[in-house]
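Visitor: Could you have a look at this structure, given as structure tokens, before my questions?
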Ligand code: SF4
């Protein structure tokens, strides 16, 4: 049985997303010009202009920033986004690593290299193997881990995941999960065990497209997935990660608009919780899924700059799916959180090549090299927050 729509699903239904997307496609140069004057860094010709990051933008503004007309002004857009990022986040970029604990999956998502039935070598790490992978990553400097798995309720049960969090918590002050979605009770158990963050990408907010590509399994339930953040935040998760997989739906601007709306909703409702946004682009995997649209590099930068200006306080996250030049550039514009030295197969840090990977990565630099790049660019790689969000017993708070 499908889950009932959550709070954001109801808000999304009233947003007239198709009209906003059309507004984005047809925005005029004059509209872009007016908006750029509102968001451009102060100190230029207009002394009355607000400082970067202080203009309050709505979804209609985000639509204009994502438009082809705004794409013609990409350099100005990137400069405004950079000024906003520096103002709100300084020169700190948080580094984290994914730790794949299992690639067993009972769901069939047509774009994923772990989908049920694909002939990949399956592996679920036992707790000793998880700890061995964790110690390798701790030795490389990481203090933030993202625990990733497919959706297999027997192999990656709630008990198993609680055990993983308990085993790794002494090594890592910040642990997040990117797994199947869970009930309120399980999120609360995980938070009590030491979990800090929950990442569930909606992949696409287009219901019809979602149904086409999520053909079977737990993930097929659009509303259960979309409402998972409401359960996780209410259970005390301190970080929420949302995302859209670019290349999955034909209208990428509509998905970025919905993602912006989702981020704004979560920020407003769960104001003590950090909201992180990601825009992964489709990469080759065992699924051989062809993207229905290619978001080119300029559009990819534009989308990040637009989201930064729309949500000055949002953490923007970038994975090793992207090549070094793109990652190095976006760290200077909008991105505040990056993975580094990633493996996307279970056990892939200790013994690479023994299980199927979820997708191929494009930035194979070791973490120390990514950190050195940031330092050379005048940024501070942050392995561990000075004040971890987890620590106070905020579970059960009312919002
Ligand atoms: S996206 Fe997640 S649920 Fe879907 S097939 Fe891949 S691992 Fe399984």
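The values are calculated or read from the model by the stated rules, or taken from the named source; none is laboratory data. As the structure is a computational prediction, the values presented were derived from the model and not from experiment. Note that each Cβ is placed from the backbone with ideal geometry, even for glycine, and that neighbours are counted across all protein chains shown.
Visitor: Scan 388, 312 and give me the residue that is outside the structural domain of residue 66 (by TED's automatic domain parsing), modelled with pLDDT of 95 or more and either part of a loop (DSSP other than H, G, I, E, B) or on the phi > 0 side of the Ramachandran plot (or both). Please lay out each step first, then the result.
Guide: Values: 388 fails: modelled with pLDDT of 95 or more.
None of the other options fit; the residue is 312.
Visitor: While we're looking at this one, here's another question. Collect the residues in region 162-179 that are free of Cβ contacts under 8 Å to residues at least 40 places away in the same chain and within 15 Å of the ligand (Cβ to nearest atom), keeping them in residue-number order.
Guide: The answer is 177, 179.
One line per residue, one yes/no per condition, for (1) in a strand (DSSP E or B); (2) more than 15 Å from the ligand (Cβ to nearest atom):
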{"residue": "57", "(1), (2)": "no, yes"}
{"residue": "63", "(1), (2)": "no, yes"}
{"residue": "77", "(1), (2)": "no, yes"}
{"residue": "95", "(1), (2)": "yes, yes"}
{"residue": "98", "(1), (2)": "yes, no"}
{"residue": "101", "(1), (2)": "yes, no"}
{"residue": "113", "(1), (2)": "no, no"}
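Visitor: Out of all the residues in region 345-357, which are surrounded by fewer than 23 Cβ atoms within 10 Å (Cβ to Cβ) and touching a strand residue (DSSP E or B) at 6+ places or on another chain (Cβ under 7 Å)?
Guide: 345, 348, listed by residue number.
Visitor: Kindly list the number of the only condition in (1) under 13 Å from residue 312 (Cβ atoms); (2) modelled with pLDDT of 95 or more; (3) crowded, with 20+ Cβ neighbours inside 10 Å that fails for residue 82.
Guide: (3)
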